[in-house]
Amino acid sequence: MKVSDYFIFGNKDISEVMGLNKNINNGFFCYSALGTMILEIIVNKLEKILKKKKFLKIIVPTLQNLERFYKIKKERFKKEIYKIENKNLILNPTCEEIFIDIFDKKIFKERIKKKVFFQTSRKFRNEKRTQGMYKTREFIMNDIYSFCKTKEESKIIYKKVIKIYFKFFKKLKINFYKKKKVDKNIRSINSLEFLTKSKNYEIAHCFELGKCYLTRNYINCFGIGISRLYNILIKESYKKKNLLKIIGKEFVIIPTDYNNKELVKYSKYIYKNSKKKCILDDRNINFKQKLNDFIKITNNIVIISKYCLKNEKVTIKRRKKYIDINLKDFIYYLKNL
């Protein structure tokens, strides 16, 4: 990965440093190439787990019928819905009504014992207050819906997904806790939410619905706020200066002079032998500017100077210390990470 392939801005704040997002309207964000990469890493890790469990992925439309939505939801989300004028359509505030409408009757008729579906898509809610990228009006969510013939099967699935969420958040190294939730707007038998320990941010919810909303099967629904996870991961990593680790990188290689062909060649040699553990800052701009772009986001900066080229070394800047290491030793270290 080369820095020129992605947008790295100045160092005023976290969003500018990495060019991760831009608030184009109140509560609506644009993700950069690097931000999108981080989002995809989160989604791919989760979906890989769900596919291993033989949950079925589907794609849902962004719009749904307003009358059908109210048939199931009644007055819920009334003030938060984005309506399409004169079309009797709304942008999805939630998706269980779509799944129930499509699958419930068919599964019941087919006498299928159980089926679990999931999808990752954008949702829209006209929230009164937005909180940066934690609470937005357009957000990305991963939803899971299970349909079971018996109450016993439904309970097994409910517990199974809770375990999946537990392992997934541990994998992302997020400090969280579970809390039982009572929501008057959702007629659930059991409900549980996952919250971050730091600021009590809700990152996932689980609802055991039983037979409700005109259904024939026992239904569970689950949701993970992908946008929220993204926001939390970025902020936590930014504090610890290990933001590059989210994308699987350990070091950034910065040559002091990109006009020096020998120095560039030497830097590229290290980059090619890093086993994809490094990124290369190949921008032809001032060295100090490059350094300032990365100081706030990583403690592992590899500086390649004329001294390094002459002595076959690399200089590692780790916080305020500068350490010179033999090139062979550094490459060996990278290969064995």
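The values are calculated or read from the model by the stated rules, or taken from the named source; none is laboratory data. Bear in mind the structure is a predicted one, so any value in this text is a computation, not a measurement. Using ideal geometry, Cβ is built from the backbone for each residue, glycine included, and neighbour counts are taken over all protein chains shown. Each accessible area value is taken on the protein alone, full model and side chains, heavy atoms only, with ligands, DNA and RNA left out. Shrake-Rupley method; radii C 1.70, N 1.55, O 1.52, S 1.80 Å.
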Practice item. Find the residue count for the stretch 58-77, including only residues that are at pLDDT 80 or above, surrounded by 14 or more Cβ atoms within 10 Å (Cβ to Cβ) and over 21 Å from residue 142 (Cβ atoms). Key: 3
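Here is a yes/no grid of residues against (1) more than 25 Å from residue 41 (Cα to Cα); (2) without any contact (Cβ under 8 Å) to a residue 24 or more places away in the chain; (3) of a type in the set (S, T, N, Q):
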| position | (1), (2), (3) |
| --- | --- |
| 245 | no, yes, no |
| 249 | no, no, no |
| 263 | yes, no, no |
| 273 | no, no, yes |
| 293 | no, no, no |
| 297 | no, no, no |
| 327 | yes, no, no |
| 334 | no, no, no |
**Study point:** Residue identified as over 24 Å from the mean Cα position of the chain (by Cα) and open to solvent by 10 Å² or more (accessible area, probe 1.4 Å) among 159, 155
**Key:** 155
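Listed residues 303, 331, 279, 323; which is within 18 Å of residue 246 (Cα to Cα) and β-branched (Val, Ile, Thr)? Please lay out each step first, then the result.
Details: 303 fails: within 18 Å of residue 246 (Cα to Cα); 331 fails: within 18 Å of residue 246 (Cα to Cα); 323 fails: within 18 Å of residue 246 (Cα to Cα).
Step by step, each of 303, 331, 279, 323 is checked, and only 279 is within 18 Å of residue 246 (Cα to Cα) and β-branched (Val, Ile, Thr).
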**Study point:** Qualifying residues in the stretch 99-108 (those that are open to solvent by less than 20 Å² (accessible area, probe 1.4 Å) and either among the hydrophobic types (A, V, I, L, M, F, W, C) or within 22 Å of the chain's Cα centre (by Cα) (or both)) - the one modelled with the lowest pLDDT
**Key:** 107
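Restricting attention to the stretch 22-57, which residues are part of a loop (DSSP other than H, G, I, E, B) and surrounded by 13 or more Cβ atoms within 10 Å (Cβ to Cβ)?
Initially, the stretch 22-57 is screened for residues part of a loop (DSSP other than H, G, I, E, B), giving 26-27, 32, 53-55.
Residues satisfying the conditions are 27, 32, 53, 55.
Taking the condition of a type in the set (Val, Ile, Thr), open to solvent by less than 20 Å² (accessible area, probe 1.4 Å) and at pLDDT 90 or above, does residue 219 pass?
On the way: of a type in the set (Val, Ile, Thr): yes; open to solvent by less than 20 Å² (accessible area, probe 1.4 Å): yes; at pLDDT 90 or above: yes.
So residue 219 fits the description; yes.
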Exercise for review: Mind listing whichever residues of the stretch 109-150 are aliphatic (A, V, I, L, M) and open to solvent by 30 Å² or more (accessible area, probe 1.4 Å)?
Suggested key: 112
Practice item. Could you please let me know if residue 200 is outside any loop (DSSP other than H, G, I, E, B) and not charged (D, E, K, R)? Key: no
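Could you identify the single residue in 337, 244 that is outside any helix (DSSP H, G or I), modelled with pLDDT under 90 and either out of contact with any strand residue (DSSP E or B) (no Cβ under 8 Å at 6 or more places or on another chain) or of a type outside the set (D, E, K, R) (or both)? Don't jump to the end; show me each part of the working.
Working: 244 fails: outside any helix (DSSP H, G or I).
Answer to the check: 337.
Looking only at the stretch 305-321, filter to residues that are over 14 Å from residue 251 (Cα atoms) and part of a strand (DSSP E or B); which one of those is least open to solvent (accessible area, probe 1.4 Å)? Please lay out each step first, then the result.
Step one: of the stretch 305-321, the residues over 14 Å from residue 251 (Cα atoms) are 305-313, 320-321.
If we keep only those that are part of a strand (DSSP E or B) too, we end up with 313, 321.
Details: 313: 46, 321: 145 Å².
Only one residue tops the list, namely 313.
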Review point. Do you know which of the residues in the stretch 169-190 that are touching a strand residue (DSSP E or B) at 6+ places or on another chain (Cβ under 8 Å) and not in a loop (DSSP other than H, G, I, E, B) is surrounded by the most Cβ atoms within 10 Å (Cβ to Cβ)?
Key: 176
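Within the stretch 274-289, can you find the residues that are surrounded by fewer than 15 Cβ atoms within 10 Å (Cβ to Cβ) and part of a loop (DSSP other than H, G, I, E, B)? Can you show your working first?
Just the residues of the stretch 274-289 that are surrounded by fewer than 15 Cβ atoms within 10 Å (Cβ to Cβ), to begin with: 275-276, 284-286, 288-289.
Correct list: 275, 276, 284, 285, 286.
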